[in-house]
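Data block below; observations after.
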Amino acid sequence: MIPDLQTARQMAQSHCDAWTGRNPQDVANRYANVTTMGMNGGDPMTSQAEIAEMAAGFMADFPDLVLRLDTVLVADHHMVYVWTFEGHHKETGNHVNFSGWEEWDLDDDLRVTRSLGWYDAADYERQVRGE
């Protein structure tokens, strides 16, 4: 299946809802069994289990996290979704608000086979520290 813009928007919104709903396995289930996910050019995660672990870590660090969908672009089996992450860091109590995007390659079942994500990590760290 090739997603149209409405389907791509629904997929991205569901992904945001899984994050906001604090369900790391639901986040991971959006990815194919054979997948690659990398953020900011770092070492990629290559399994649903690794993705669930990463999501659980963010959810633990930000008990009130909200992930909002900003926009979606789609072409063939590829899409980009732009998001904004907001919440209070558990240890510092500081309010954190940052945006990023992910480039997704999709299989015929519309599960993510490859994700490249980007956000300003230095800005994120400054906000966590309260600077």
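A few remarks follow.
- For the stretch 1-41, the tally of residues that are charged (D, E, K, R), surrounded by 14 or more Cβ atoms within 10 Å (Cβ to Cβ) and either over 18 Å from residue 85 (Cβ atoms) or in contact with an Asp or Glu (Cβ under 9 Å, 6 or more places away or on another chain) (or both) stands at 3.
- Across the stretch 7-16, not a single residue is classified as modelled with pLDDT of 95 or more and either farther than 15 Å from residue 112 by Cα or assigned to a loop (DSSP other than H, G, I, E, B) (or both).
- Figure legend. Inter-residue proximity from the stretch 22-34: first residues free of Cβ contacts under 8 Å to residues at least 12 places away in the same chain, second residues crowded, with 19+ Cβ neighbours inside 10 Å and of a type in the set (Gly, Ala, Ser), beta-carbon distance below 6 Å, spacing 6+ or different chains. Indicated pairs: 26/18.
- Leading residue by the ranking (surrounded by the most Cβ atoms within 10 Å (Cβ to Cβ)) among those in the stretch 70-124 that are hydrophobic (A, V, I, L, M, F, W, C) and touching a His at 6+ places or on another chain (Cβ under 8 Å): 104
- All of 95, 88 fail the test of being in contact with a Leu (Cβ under 9 Å, 6 or more places away or on another chain) and either in contact (Cβ under 8 Å) with a residue 12 or more places away in the chain or farther than 22 Å from residue 111 by Cβ (or both), apart from 88.
The values are calculated or read from the model by the stated rules, or taken from the named source; none is laboratory data. Keep in mind it's a predicted model, so treat the numbers as computed, not measured. We place every Cβ from the backbone using ideal geometry, glycine too, and count neighbours over all the protein chains shown.
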